[in-house]
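S.K.: One structure coming up, written as structure tokens, with questions to follow.
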Amino acid sequence: MTNLAPHICKNADMAGMHPNPDDLLVLLAVARTGRYVSAAEELGINHTTISRRITTLERALGGRVLSRGPAGWELTDLGRAALTAAEAVESAVRSLAGDEQGGQVLQGVVRMSATDGFSAYIAAPAVAEVRRRHPGIMVEIIATTRRASPQRSGLDLEIVVGEPSVRRARAMPLGDYVLGLYGTQPYFDAHGIPRSPADLADHPLVYFVDSMLQVDDLDLAPSFVPTMRESVTSTNVFVHVEATRAAAGIGLLPCFMADRHPDLIRVLPGSVAVRLTYWLVARPETLRRPEVTVLVDALRTRVRSERAALLGETSSDQQD
């Protein structure tokens, strides 16, 4: 095969075999997901076949291409050399599927996870734009608020809050957003408007369930309002918004979500503004997939276009 790296060819000659392009594509799928089962789902075969294909490839190359690590299957040095060839095979196959103008047709499934608010207001519009330009790309969004997964099993992209500590993956900041304090006029009519941080001790807080919160940066946010007692708590930020709108208390809410509701009034914006950062996490080999690159670009564009909303600079009804 002309696209194979010299390292691969040398090992293949030692083993007396040539690697099968299909086996290289199997390696590519495992490298991107870290799991045989996830790779099998992506390729439409069973995990036993994945294992057999990897064994055949290793026999052809004369060495191990994968080793088991704490984050799932990881590439060896030989595996990384083979990955270059696998990506060349994939690129060659993709080049055969062009549109009427000769352009590349992108297709495939991209799986991503993100927080509830990001999923709804950033990811969903970005995905819609990608789909308009590339109908062959399908995107699965898992809405969850958690730390970056050590295994990233079955996921191509993760959007998390706060800088993650990851191995064999890339972590890139996407953009900042701000949490502010919000309430409704009926609530303030009944309980008064806090005019200083000291006044917050008289008001209940609507926020995450403390014992179930996995994200350190979000866990630290209530330290900006330490005197507030809990009112309604939930693992879902949309519940926070609706509980605040129902006058259950004062909500510590993402501005880009709260400012969409004219009945929510921001208080103490000059005193309480919790600035956090969205980070994107993915394996390097996953980021080289064209359909993933297109989605990442769309997410970045959406974050830039929504910067003012994310930072809470669009609200016209604030009380300090």
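S.K.: So, in region 220-245, how many residues would count as being out of contact with any helix residue (DSSP H, G or I) (no Cβ under 6 Å at 6 or more places or on another chain), assigned to a helix (DSSP H, G or I) and surrounded by 14 or more Cβ atoms within 10 Å (Cβ to Cβ)?
M.R.: 9
S.K.: Please go through region 267-308 and give me each residue that is more than 19 Å from residue 114 (Cβ to Cβ), at pLDDT 95 or above and in a helix (DSSP H, G or I), ordered by number.
M.R.: If the condition is that a residue be more than 19 Å from residue 114 (Cβ to Cβ), at pLDDT 95 or above and in a helix (DSSP H, G or I), then 308 is the only one that fits.
S.K.: Looking only at region 146-166, decide whether some residue is touching a Lys or Arg at 6+ places or on another chain (Cβ under 6 Å) and of a type in the set (D, E, K, R).
M.R.: Yes, that holds for at least one residue.
S.K.: Another question, then. Scanning region 52-78 for residues that are closer than 13 Å to residue 34 by Cα and small (Gly, Ala, Ser), which turns out modelled with the highest pLDDT?
M.R.: Per the criteria, the residue is 67.
S.K.: Would you check which residues across region 246-263 are outside any loop (DSSP other than H, G, I, E, B) and more than 23 Å from residue 114 (Cβ to Cβ) and list them?
M.R.: Within region 246-263, just 250 meets the criteria.
S.K.: When residue 305 is evaluated against the numbered criteria (1) among the hydroxyl-bearing types (Ser, Thr, Tyr); (2) under 14 Å from residue 159 (Cα atoms); (3) more than 15 Å from the chain's Cα centre (by Cα), which criterion, by number, is the only one it fails?
M.R.: Checking residue 305 against (1) among the hydroxyl-bearing types (Ser, Thr, Tyr); (2) under 14 Å from residue 159 (Cα atoms); (3) more than 15 Å from the chain's Cα centre (by Cα), the one that fails is (2).
The rows are residues; the columns are (1) among the charged types (D, E, K, R); (2) under 24 Å from residue 311 (Cβ atoms).
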residue: 139; (1), (2): no, no
residue: 164; (1), (2): no, yes
residue: 170; (1), (2): yes, no
residue: 181; (1), (2): no, yes
residue: 191; (1), (2): no, no
residue: 205; (1), (2): no, yes
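S.K.: Would you confirm whether any residue within region 182-198 is hydrophobic (A, V, I, L, M, F, W, C), within 25 Å of residue 122 (Cα to Cα) and either surrounded by fewer than 17 Cβ atoms within 10 Å (Cβ to Cβ) or touching a helix residue (DSSP H, G or I) at 6+ places or on another chain (Cβ under 6 Å) (or both)?
M.R.: Start the filter on region 182-198 by keeping residues that are hydrophobic (A, V, I, L, M, F, W, C), which leaves 188, 190, 193, 198.
Subsequent filtering for residues that are within 25 Å of residue 122 (Cα to Cα) retains none.
Taking every residue of region 182-198 in turn, none turns out to be hydrophobic (A, V, I, L, M, F, W, C), within 25 Å of residue 122 (Cα to Cα) and either surrounded by fewer than 17 Cβ atoms within 10 Å (Cβ to Cβ) or touching a helix residue (DSSP H, G or I) at 6+ places or on another chain (Cβ under 6 Å) (or both).
Each row is one residue, and each column tells you yes or no for (1) part of a strand (DSSP E or B); (2) touching a strand residue (DSSP E or B) at 6+ places or on another chain (Cβ under 6 Å); (3) under 26 Å from residue 278 (Cβ atoms).
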position: 176; (1), (2), (3): yes, yes, yes
position: 188; (1), (2), (3): no, no, no
position: 195; (1), (2), (3): no, no, no
position: 214; (1), (2), (3): no, no, yes
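S.K.: On to the next question. Give the residues of region 154-178 that are in contact with a helix residue (DSSP H, G or I) (Cβ under 6 Å, 6 or more places away or on another chain) and surrounded by 15 or more Cβ atoms within 10 Å (Cβ to Cβ), sorted by residue number.
M.R.: 154, 156, 159, 161, 162, 174, 175, 177, 178
The values are calculated or read from the model by the stated rules, or taken from the named source; none is laboratory data. Keep in mind that what you see is a predicted model, and the values were worked out from it rather than measured. Note that we place each Cβ from the backbone using ideal geometry, even for glycine, and neighbour counts take in every protein chain shown.
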